[in-house]
Amino acid sequence: MRDTDTFVTYHKALMELSHDTGFVGQRRHLKLEALTALCGRLLEVERVSVWAFPPERDRITCETLYDRRGLSNQHGTCTSSPRNGDLSPVSLFKSDHPNYFEAIVTERVIAVNDARTDPRTASFKADYLSAVGVHSMLDTPVFEGSRLSGVVCLEACHPRTWSLPELSFAVAIADTVSLINTHEGWMNSKRALDYITRYDTLTGLANMDSLRDRVAHLADKIKRRRSGSLALIWIDVDRLKAINDGLGPQAGDSVIAEIGNRLKNLRLEGKDVLARIGGDEFALLIRNRPRAASLEDAALHIQDAIRQPIRVAGQSLSVSASLGICHLPEDCEQPQELLRGAEAAMYHAKHLGRAQATVFDSAIQISAQSRFALERELRAAINNRELDVFYQPILDRSGDRMVSMEALVRWNHPSRGWLSPIEFLDIARGGSLMYALGECVLRRVCEDWQQADAAGLELPVISVNLSAEQVLAAELPDRIIDLCAEHQMPVSALQFEVTEDSIQGDFNTLACVLERLVAAGAELAIDDFGTGYSSLARLKSLPFSRIKIDRSFINQLPGDEDDCAITLSILGLARGLGLMVVAEGVETPAHEQWLVEQGCDFLQGYLYSRPLPFPELIDRFFHHHPVPDLSPK
Ligand code: C2E
Ligand code: MG
Ligand code: MG
C-alpha cells in the first residue's frame, strides 16, 4: 500500500471512531481504551498506552494500557506492570529516566528502533523493556491547552522502523487524546461554574436560583396533575448581625455553616430541596404534606435543631430562628407567590418576637403589600419631620422624684393612627432610615427642651435612644453638639441609651463616638441589658454610667426564680463596675418593692406613667408651674 493510501486508511478509521455517537457520549476512560485498541490493531503494535504527568511533573503515570497479547485494557492501572505487578498505576520517575523526560519535553515525538540502546530510552532497559519484551517505541505528546500533559506510547516487541503514516497516525491519536482532555477540562470548569451559580459555596446547599427553578418545576407539575402540594419554610436566623459584629464574620460563617449542616441532616417527611437564600436565610421545600401537620412538627424540628448550642470562637452560642410558612396551592398559585408569601410570614413571625413560626394568611398578604408602602410613607414622614416624641418619666427609688425622662419616638400615621416604634422601626432598619429617624428625634427633643426652657421650666435630663447606625457614625458627636447649640441647650441636658446589640460594631469608631459624647457632657446608659451578647470587656472599656435592665426580666418579678437571679446578677455586676441601674417596665408595687429592696437606683414603668405627649407630661409633672403653650407643632 502506498503511503497516501495508508494515511487515508488510518485517518478514516480514526474519524469513524471519533465521530461515532456511541464514542462521543462515552466516559473518558472508555474513549481512551477504544483509541488505544484502534491504534494497536491498525499499526500492529503489541502495546499502546496513554500516560499523564501529575501536577508535580516528577513522573509519568500510566492511565490506560492496550496489550494485544491478551491482557485487556485497564483504566488507570497497568496490571502487566513488570515492576509492581499489583493493581496500582505504573509510574516512571524523572529522577530514574532523566534522558527520556528531557527528550519528551524537547523533541515531543520520540521514535526509537531499538529502545534498549537508544540513549533516550536505555534507562528503561533493566526493569521495564526486558521484562515486558519491548524492542521499539514510538511516543507522541498529549497536550491540555498548550501544556504538555502526557504521552501516547506505542511499544512493539520486535525491531521496527516507524513509517511516516504510522508517525502521523500516532500523532493523530495523541491529538485526539488532547482534545478529549481539553473537553474534559472544559466540562469540569463548566461544572464548577454551574456549581458556583447554582450552589452556595459556604454550605454547599442550593442557592436562590436553584430553589426558584425547583419550585417552578414542582408547581408546574402540581398544576398539570391537579394533585400534590408544596410548603415553603422560610428560615431567618435571628441576630446573626450581632454575632458577625461581635465575634467577626468568620464566626458568623461558622454559625451559618453549622445551621446549614443541621438542617441538611434533619429528617422530615416530604423534605425536598434545602437552600441558602441569603446571608442568614434558608428555605426548605416540603412536598405533599397536609397544611396543619407541616407547621406543627416541621417548624418545631427546625427550631429545635437550630436552638442547640453552637460552639464558635471558644464560645457557646444559642441561636434562634424566625420561620414563615406558605403553601401551594392553598395560599397561592404561582411559584413566586409561594416565595413571597413565606418571606412575608417570616417577617410577621419576627415581628411577634424572636424564635416564632407563622403560617401565611390573608392578613399577612395585606401586610406584605403594605410594608413597601409604609416604608415610603415613613421616609416622607422623616423628611418632613412629622415624627413625634413621647416622654416617659424615670424616677428615683422613692418613686416620687423624676430624675430623667426617656424620649420615645411615635408616628401619627394619617390612616393608621398612632404607631409605636415596634410597628415601624423594623421598616426603618430595612430601609436604612435609622440614622435619619434618630436625627429627627434629636431635633424634636431639642425643640421641646428649648420651648420648656423659654417657659421657665427646668426639665430633668432627657434620655434619647441611639441606634447602631448613629453610634457608628463618626460625625454624630459634632451633629449633636451643633443641634444643641442651635437650640441654646447644653449637651449635658441629654443622656443617651444604646442597646447591647448596637455596641457590637467596630470598636474604635464606637469608642470614639461615645467618648466624645461624654466629653461634651452627656451621660450614657446601656439599654435592654441582658438580652444581647455584649461582652464584659466591651462594657468595661466604654464610658457607660448606667445599665437599664430589660423589662422582660422585670415582668415576672419576684415570682420567677430565674428572672430574680438574672436581675440580681445584673445589679451585682453594676455595683462591681460602679454603674447605676435603671429597671424598665415596673408595672406593679410588687415589682417596685423587690427592686428597691435589692438596691436598684431608678425606676421606669407604667406604675408611674406611660410615655406621654410632651404637653401632657408637663401638665402632669410640672403642674405647679404655669402651663406654657406646648400644643403640638
Ligand atoms: P426601650 O428604649 O427599652 O424603651 C422602653 C420601652 O418600654 C418603651 O416602649 C416603653 O413604652 C416601654 N415601657 C415602659 N414602661 C413599661 C411598662 O411598665 N410595661 C410595658 N409593657 N412597657 C413599658 P416603646 O416606646 O414602644 O419603645 C420600644 C423600643 O423602641 C424602645 O425600647 C427603643 O429600643 C426603641 N425606640 C423608641 N424610640 C426610639 C428612638 O427614638 N430611637 C431609637 N433608635 N430607638 C427607639
Ligand atoms: Mg431606651
Ligand atoms: Mg429598654
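The values are calculated or read from the model by the stated rules, or taken from the named source; none is laboratory data. It should be emphasised that the depicted structure is a prediction, and the values quoted were computed from it without experimental measurement. No Cβ is skipped: glycine too gets one built from the backbone with ideal geometry, and neighbour counts run over all protein chains shown. Quick note on the areas: whole protein, heavy atoms, side chains included, nothing else; ligands and nucleic acids left out. Shrake-Rupley method; radii C 1.70, N 1.55, O 1.52, S 1.80 Å.
I need a count of the residues in the range 317-334 that are in contact (Cβ under 8 Å) with a residue 60 or more places away in the chain and buried (at least 22 other Cβ atoms within 10 Å of the Cβ).
Total satisfying the criteria: 9.
Might you check whether a residue that is more than 16 Å from ligand 3 (Cβ to nearest atom), part of a loop (DSSP other than H, G, I, E, B), open to solvent by 60 Å² or more (accessible area, probe 1.4 Å) and at pLDDT below 95 occurs anywhere in the range 566-585?
Checking the range 566-585: at least one residue is more than 16 Å from ligand 3 (Cβ to nearest atom), part of a loop (DSSP other than H, G, I, E, B), open to solvent by 60 Å² or more (accessible area, probe 1.4 Å) and at pLDDT below 95.
Looking for whichever is open to solvent by less than 50 Å² (accessible area, probe 1.4 Å), within 16 Å of ligand 1 (Cβ to nearest atom) and not small (Gly, Ala, Ser) here; the options are LEU472, LEU524, LEU542, LEU457. Which one fits?
Just a single option satisfies the conditions, and that option is LEU524.
Restricting to the range 603-616, give me the number of residues that are within 16 Å of ligand 2 (Cβ to nearest atom) and crowded, with 22+ Cβ neighbours inside 10 Å.
Going through the range 603-616 one residue at a time, the tally reaches 3.
Any residue in the range 506-532 that is touching a residue at least 12 places away in the same chain (Cβ under 8 Å) sitting within a Cβ distance under 9 Å of a residue that is more than 16 Å from ligand 1 (Cβ to nearest atom) and among the basic types (Lys, Arg)? List the pairs, counting only those 6 or more apart or interchain.
That search, which allows pairs on different chains as well, returns PHE507/ARG538; LEU510/ARG538.
Kindly evaluate VAL142 against the criterion of being within 26 Å of MET15 (Cβ to Cβ) and either assigned to a helix (DSSP H, G or I) or open to solvent by 50 Å² or more (accessible area, probe 1.4 Å) (or both).
When the stated conditions are applied, VAL142 does not pass them.
Out of ALA305, ALA313, ALA321, I need the residue that is modelled with pLDDT under 85 and under 22 Å from GLY252 (Cα atoms). Which one?
ALA313
Out of the range 348-395, which residues are in contact (Cβ under 8 Å) with a residue 60 or more places away in the chain and either open to solvent by 70 Å² or more (accessible area, probe 1.4 Å) or within 16 Å of ligand 1 (Cβ to nearest atom) (or both)?
Answer for the range 348-395, where residues must be in contact (Cβ under 8 Å) with a residue 60 or more places away in the chain and either open to solvent by 70 Å² or more (accessible area, probe 1.4 Å) or within 16 Å of ligand 1 (Cβ to nearest atom) (or both): LYS350, HIS351, ARG354, ASP388, VAL389, PHE390, TYR391, GLN392, PRO393, ILE394, LEU395.
Return the residues of the range 582-625 that are touching a Lys or Arg at 6+ places or on another chain (Cβ under 7 Å), of a type in the set (Val, Ile, Thr) and either more than 11 Å from ligand 1 (Cβ to nearest atom) or not assigned by TED's automatic domain parsing to the domain that holds GLU406 (or both); say none if nothing qualifies.
Matches in the range 582-625: VAL596 only.
Just to verify a result, which residue in the range 545-562, among those that are part of a helix (DSSP H, G or I) and open to solvent by 20 Å² or more (accessible area, probe 1.4 Å), is farthest from ligand 2 (Cβ to nearest atom)?
So, considering only residues that are part of a helix (DSSP H, G or I) and open to solvent by 20 Å² or more (accessible area, probe 1.4 Å), the one farthest from ligand 2 (Cβ to nearest atom) is GLU561.
If I ask for residues that are open to solvent by 70 Å² or more (accessible area, probe 1.4 Å) and more than 22 Å from THR499 (Cβ to Cβ), which ones from the range 586-598 would you list?
PRO589, GLN593, GLU597 - these are the residues of the range 586-598 that are open to solvent by 70 Å² or more (accessible area, probe 1.4 Å) and more than 22 Å from THR499 (Cβ to Cβ).
Residue under question is ALA428, and the condition is that it be within 16 Å of ligand 1 (Cβ to nearest atom), open to solvent by less than 30 Å² (accessible area, probe 1.4 Å) and modelled with pLDDT under 95; does it hold?
In short, yes.
Mind listing whichever residues of the range 145-166 are surrounded by 15 or more Cβ atoms within 10 Å (Cβ to Cβ) and outside any loop (DSSP other than H, G, I, E, B)?
Within the range 145-166, LEU148, SER149, GLY150, VAL151, VAL152, CYS153, LEU154, GLU155, ALA156, PRO165, GLU166 qualify.
Can you name the number of the only condition in (1) away from ligand 2 (no atom under 16 Å from the Cβ); (2) open to solvent by less than 10 Å² (accessible area, probe 1.4 Å); (3) touching a residue at least 40 places away in the same chain (Cβ under 8 Å); (4) over 34 Å from the mean Cα position of the chain (by Cα) that LEU494 fails?
It fails just one condition, (1).
Mind checking whether some residue in the range 505-513 is open to solvent by 10 Å² or more (accessible area, probe 1.4 Å) and within 30 Å of HIS623 (Cα to Cα)?
no
Check MET434 against each of (1) within 16 Å of ligand 2 (Cβ to nearest atom); (2) closer than 24 Å to PHE602 by Cα and name the one condition it does not meet.
Answer for MET434: the failing condition is (2).
For the range 409-420, state whether one or more residues are surrounded by fewer than 18 Cβ atoms within 10 Å (Cβ to Cβ), under 21 Å from THR499 (Cα atoms) and out of contact with any Phe, Trp or Tyr (no Cβ under 8 Å at 6 or more places or on another chain).
yes
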